[in-house]
Amino acid sequence: MKTSWRTAALVATAASVLALTTACGQDNVTPPAAAAQNVGASASAPGTGLVTGNGYGADGAQSSASPATPAAPAGKLTVATNPQLGSVLTDGSGLTLYRFDKDTAEPPKTNCEGDCATTWPPVPAADANAGAGIDKAMLGEVTRPDGTKQLTIGGWPAYRYAKDLNSGDVNGQGVGGKWFALAPNGKKASLTSLPGLSVRKDPKLGDIVVDKNGRTVYRFLKDKAWPKSVSNCTGACLEKWPAVAPVSADDTQGVKKKGLMPFTRPDGVKQMSVNCWPIYTFSGDKAPGDTNGQGVGGTWYAVSPEGKPIGAPGK
């Protein structure tokens, strides 16, 4: 049986339509690798650590088609105070730095490559330097499998998180039960990791001293430092402005060592001093990072690492 040219044309047209329909359907069902990457999509909520997939904070999609983007330099590292985590290490842009439980610190070794390193960009070691509250001896480097040098803190390779977009974000905390914000000493950041006295960068006041709970430390302008430390905050004043208990000089970070010592108050209680000036916290500060005592009565001011009252008139 012969097939007419009209019938043949119809059959060919139908076949072409079917082929086009199938191809479009494949595009919809199987997205290209770049579209499927969806970095960080598996994190159910910022900072909760409740994730599915590969534990990197991504959905597990594999993609190597896109060229690697050069990592931003670390710059001057600083210490931020987080209400839940205490002292958190940040880079020069204020982005949180993290460590990975599958890495090792002794010896330093990274086990985050490929897609993991896309979601958790390694921090370059080249220009990293220690800011206030950071012991420069904690900074080091490790050679990655690709030959690049990665910053280490206390031996632990340091990373950023792709879903941290703003200064102070800690969306990577607890992801997969393996990723944790870095403390300045390389340990996992937590309130218990804070030293007795340390320095944090306040967005308005700059570098200020905080106690072991991350609470702002203050000076009273009516006190005296020379020839000896004298507190003039007694009775009801102490209820509002609790005296900071003695702290070992070895249990401090970033605070000037000279004049860093306890003294005996008129009531016989030992109190800590910075540069010989008595220091206090404020009952009106409800959480770490609060500075509600700043400027109260024109006599109470946050303390600089050198012991100066920050923002006090004529000081």
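Computed quantities for the displayed model
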item: Net charge over other residues, Cβ less than 10 angstrom from the Cβ of ARG215 (K, R count +1; D, E count -1); result: -1
item: Residues whose placed amide H lies under 5 Å from that of LEU182, excluding near-sequence neighbours; result: LEU89, LEU97, TYR98, ARG99, ALA189
item: Other-chain or far-sequence residues with amide H under 5 Å of ASP207's (modelled H); result: ASP202
item: Accessible area in square angstrom per residue, region 178-315, 1.4 angstrom probe; result: 46
item: Kirkwood Rh in Å, taken over region 178-315 so that all alpha-carbon pairs contribute; result: 15.1
item: Normalised contact order of region 184-285, rounded percent, pairs of Cα under 8 Å and 6 or more residues apart; result: 29
item: Over 19 Å (Cα to Cα) - which of LYS149/LYS188; LYS188/LYS286; LYS204/LYS315; LYS228/LYS308 fall in this group; result: LYS149/LYS188; LYS188/LYS286
item: Hypothetical label at MET261: residues of region 275-315 whose amide nitrogen lies under 18 Å (7 Å Cα-Cβ projection); result: 275-279, 306-308
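The values are calculated or read from the model by the stated rules, or taken from the named source; none is laboratory data. Fair warning: this is a prediction, and the values are worked out from it, not measured in the lab. A quick note on method: Cβ atoms are made from the backbone with ideal geometry, for glycine too, and the neighbour counts reach across all protein chains shown. Ligands, DNA and RNA are stripped out before the accessible areas are found, and what is left, the full protein with its side chains, is counted by its heavy atoms. Shrake-Rupley method; radii C 1.70, N 1.55, O 1.52, S 1.80 Å.
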